[in-house]
Amino acid sequence: MARAKTVYRCTDCGAEAPKWMGWCTACEASGTLSEELATPAHAGRSFTALNRPSVPIPIAEAVGDATRPVPTGDDELDRVLGGGLVPGSVTVLGGEPGVGKSTLLLQALASIAAGAAARRAKHGDDGGPERRAACLYVTAEESARQVALRAERLGVSSPSLWLVAETSLPHVIAHIDDLAPEVVVVDSIQTVHDPELGSAPGSVGQVRGCAQRLVSEAKARGVSIVLVGHVTKEGGLAGPRVLEHLVDTVLAFDGERHHALRMLRAVKHRFGSTHELGLFEMGEAGLVGVPDPSALFLADRQPGVPGSVVAPVLDGQRPLLVEVQALVVPSNAPSPRRTAQGVDGGRLAQVLAVLDRHAELDLSRAEVHVAVAGGVRVLEPGADLAMALAVASSATGRPLSSHLVTCGEIGLGGELRQVHRTERRLAEAARLGFSRAVVPRSAPDAPAGMLLHRAASIADAVHHQAFQPAAV
Ligand code: TYD
Ligand code: MG
């Protein structure tokens with residue numbers, strides 16, 4: 001019997017090579033080529049969408065309802081998607097195992113199904129005896145029973161939400177044919193396989209081939225498809241990077257393992273901005289949107305404690321008030337510990353060096369710990385000044401006013417620089433009742449009810465402004 005033809009494919013970029021090499025000639029990644037069965041020549045031709053020739057139309061006709069997003073009913077998800085799911089679009093939801101991808105999508109489908117049922121009822125359509133689903137959840141990872149148990153916990157029981165446990169792609173497509181849903185979730189893209197493709201389930205060729213096929217089906221039928229994608233340890237989507245190029249939208253869902261907070265961001269979005277942040281809390285009843293995150297992050301703050309500063313930071317377009325905490329304790333170790341949780345360790349080292357050189361704050365014989373409360377990660381330079389003031393406050397034992405916020409970038413020369421959208425940040429602080437702010441000299445005017453302390457340098461900020469009596 002003739003040996004099946006195999007090719008080597010890069011697990012990173014998806015490029016094909018006829019023989020094994022130590023690196024990929026397309027993207028130059030090393031050790032990423034893996035062997036798989038060559039795709040039979042007829043496989044590509046079976047796509048229904050490819051069989052029909054496209055019909056050109058005037059662009060004015062194409063601009064219309066078809067590209068308008070349909071709200072999912074989940075406010076945080078809709079915020080990130082720029083309104084909802086666009087019919088005919090394909091979205092990948094990536095995230096680490098256990099972060100809550102299946103929960104998020106089950107809840108979103110339940111909400112879409114409930115909306116669809118309400119619309120049908122309004123139009124006097126009782127659903128009829130025929131098989132019709134507004135949403136279809138394809139579980140290729142867990143059993144139908146496991147998903148049903150989760151649905152029960154979440155109180156999901158809409159008759160328009162259908163569930164099927166299936167791993168074979170042709171069967172998945174047959175179910176889509178049969179039920180004609182508006183939205184389909186495939187959980188996950190790494191666990192479905194297409195026998196026509198030949199290569200092993202889970203291989204790069206399979207992930208890419210199945211995604212390609214689902215993209216054509218979505219476009220041909222106008223159904224929105226959401227694919228769950230596993231991420232690698234480095235945070236990228238497992239499987240070829242081409243998956244990201246194939247789909248319209250890539251969402252990243254993440255959060256600290258020991259915190260309830262979950263963040264949803266668009267990494268790529270063909271229909272809108274990638275600057276929106278969705279926030280959820282994972283609890284007993286599943287994921288609950290957090291409409292006022294600043295109030296949540298500051299709820300347990302203890303005013304009057306040295307080392308605590310509130311900073312208005314920006315995640316995408318969303319201003320968040322977070323508490324930056326520092327603890328400075330004497331140490332005899334030759335190189336005392338520095339820990340950074342929720343802030344970048346490199347940035348902290350830089351801030352400490354600037355404090356030492358330009359604000360005469362010698363921390364060479366002290367352990368320094370800096371953390372952002374509540375499981376938030378702040379990686380933007382706007383939190384520099386808050387880190388510096390928190391460290392200085394803990395080192396000197398003098399608390400800052402509990403009505404004070406601060407934001408600004410610290411330059412290596414000790415100068416303070418304005419960060420973008422300072423106005424919006426201060427407005428959010430004023431909304432939550434903060435009445436004083438330490439800001440760089442060039443900052444815009446303060447919102448009503450707020451007093452600004454403008455500082456040109458880190459020395460100014462540390463020695464003159466922020467440590468006024470904490471009486472306000
Ligand atoms: P899951 O959606 O299965 O994550 P993923 O699909 O990303 O792997 O959610 C996993 C975690 O969420 C699990 O550890 C339990 C927790 N969880 C809750 O805390 N509350 C809930 O109501 C549900 C459904 C899950
Ligand atoms: Mg899951």
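Only the coordinates and a few stated rules stand behind these numbers; no lab work does. These figures come from a predicted structure and were not determined experimentally. Note: ideal-geometry Cβ built from the backbone for every residue, glycine included; neighbour counts use all protein chains shown.
How many residues does region 262-283 hold that are farther than 14 Å from L77 by Cα, more than 12 Å from ligand 1 (Cβ to nearest atom) and not in a loop (DSSP other than H, G, I, E, B)? Summing the residues that are farther than 14 Å from L77 by Cα, more than 12 Å from ligand 1 (Cβ to nearest atom) and not in a loop (DSSP other than H, G, I, E, B) in region 262-283 gives 1.
Is it the case that A117 is away from ligand 1 (no atom under 16 Å from the Cβ), touching a Gly at 6+ places or on another chain (Cβ under 8 Å) and more than 22 Å from S273 (Cβ to Cβ)?
Numbers: away from ligand 1 (no atom under 16 Å from the Cβ): yes; touching a Gly at 6+ places or on another chain (Cβ under 8 Å): yes; more than 22 Å from S273 (Cβ to Cβ): yes.
So A117 fits the description; yes.
Beta carbons closer than 7 Å, at least 6 apart along the sequence or on distinct chains, pair a first residue in region 191-207 that is over 21 Å from P97 (Cβ atoms) with a second that is outside any loop (DSSP other than H, G, I, E, B) and aliphatic (A, V, I, L, M) for D194/L169; E196/A43; L197/A43; G198/L37; S199/L37; G205/L197.
Yes or no, residue by residue, for (1) more than 29 Å from L296 (Cα to Cα); (2) among the aliphatic types (A, V, I, L, M):
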site: T339; (1), (2): no, no
site: G342; (1), (2): no, no
site: G345; (1), (2): no, no
site: L348; (1), (2): no, yes
site: D356; (1), (2): yes, no
site: L361; (1), (2): yes, yes
site: S364; (1), (2): yes, no
site: G374; (1), (2): no, no
site: E380; (1), (2): no, no
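Scan L389, L385, L412, L416 and give me the residue that is in a strand (DSSP E or B) and either over 15 Å from L451 (Cα atoms) or under 29 Å from the mean Cα position of the chain (by Cα) (or both).
Just one listed residue meets the conditions, L416.
Scan region 206-221 and give yes if some residue there is within 16 Å of ligand 1 (Cβ to nearest atom) and either surrounded by fewer than 21 Cβ atoms within 10 Å (Cβ to Cβ) or within 26 Å of the chain's Cα centre (by Cα) (or both), otherwise no. Scanning region 206-221, I find no residue that is within 16 Å of ligand 1 (Cβ to nearest atom) and either surrounded by fewer than 21 Cβ atoms within 10 Å (Cβ to Cβ) or within 26 Å of the chain's Cα centre (by Cα) (or both), so the answer is no.
Residues that are surrounded by fewer than 18 Cβ atoms within 10 Å (Cβ to Cβ) and assigned to a helix (DSSP H, G or I) were ranked within region 64-87; the one that is nearest to ligand 2 (Cβ to nearest atom) is D75.
The residue of region 177-188 that is nearest to ligand 1 (Cβ to nearest atom), among those that are over 16 Å from S89 (Cα atoms) and either without any contact (Cβ under 8 Å) to a residue 24 or more places away in the chain or of a type in the set (G, A, S) (or both), is S188.
Filtering region 314-342 to residues that are surrounded by 15 or more Cβ atoms within 10 Å (Cβ to Cβ), within 18 Å of the chain's Cα centre (by Cα) and not hydrophobic (A, V, I, L, M, F, W, C) leaves D315, G316, R318, P319, G342.
Filtering region 442-454 to residues that are of a type outside the set (S, T, Y) and surrounded by fewer than 15 Cβ atoms within 10 Å (Cβ to Cβ) leaves P444, D445, A448, G449, L451. Do the conditions hold for A174, that is, is it farther than 21 Å from I112 by Cβ, away from ligand 1 (no atom under 16 Å from the Cβ) and among the hydrophobic types (A, V, I, L, M, F, W, C)? The answer is yes for A174. Just one of the listed residues (V226, V310, V231) is within 20 Å of L104 (Cα to Cα), crowded, with 22+ Cβ neighbours inside 10 Å and β-branched (V, I, T), namely V226.
In region 62-112, which residues are polar (S, T, N, Q) and within 12 Å of ligand 1 (Cβ to nearest atom)?
Pass one, region 62-112, residues polar (S, T, N, Q): 67, 72, 89, 91, 102-103, 107, 111.
Answer for region 62-112, where residues must be polar (S, T, N, Q) and within 12 Å of ligand 1 (Cβ to nearest atom): S102, T103, Q107.
Within region 284-301, if we keep just the residues that are small (G, A, S) and within 19 Å of G94 (Cα to Cα), the residue that is nearest to ligand 1 (Cβ to nearest atom) turns out to be G286.
Any residue in region 110-127 that is at positive phi and within 16 Å of ligand 2 (Cβ to nearest atom)?
To start, the set of residues in region 110-127 that are at positive phi comprises 124, 127.
If we keep only those that are within 16 Å of ligand 2 (Cβ to nearest atom) too, we end up with none.
Scanning region 110-127 turns up no residue that is at positive phi and within 16 Å of ligand 2 (Cβ to nearest atom).
Please go through region 390-401 and give me each residue that is more than 15 Å from A359 (Cα to Cα) and surrounded by fewer than 18 Cβ atoms within 10 Å (Cβ to Cβ), ordered by number.
Step one: list which residues in region 390-401 are more than 15 Å from A359 (Cα to Cα), which gives 397-401.
Correct list: G397, R398.
Does V185 meet the test of being part of a strand (DSSP E or B) and under 17 Å from G73 (Cβ atoms)? In short, yes.
M387 passes every criterion in (1) surrounded by fewer than 20 Cβ atoms within 10 Å (Cβ to Cβ); (2) in contact (Cβ under 8 Å) with a residue 60 or more places away in the chain; (3) not acidic (D, E) apart from (1).
Residues in region 355-376 that are crowded, with 18+ Cβ neighbours inside 10 Å and closer than 14 Å to H463 by Cβ: L355, H358, A359, L361.
Within region 88-105, being more than 16 Å from ligand 2 (Cβ to nearest atom) and crowded, with 19+ Cβ neighbours inside 10 Å holds for S89, V90.
Could you list all residues from region 158-176 that are of a type outside the set (A, V, I, L, M), within 16 Å of ligand 2 (Cβ to nearest atom) and under 20 Å from T91 (Cβ atoms)? Let's see the steps before the verdict.
Filtering region 158-176 for residues of a type outside the set (A, V, I, L, M) gives 158-160, 162, 166-168, 170-171, 175.
Going one step further and asking which of them are within 16 Å of ligand 2 (Cβ to nearest atom), we end up with 166-167.
If the condition is that a residue be of a type outside the set (A, V, I, L, M), within 16 Å of ligand 2 (Cβ to nearest atom) and under 20 Å from T91 (Cβ atoms), then E166 is the only one that fits.
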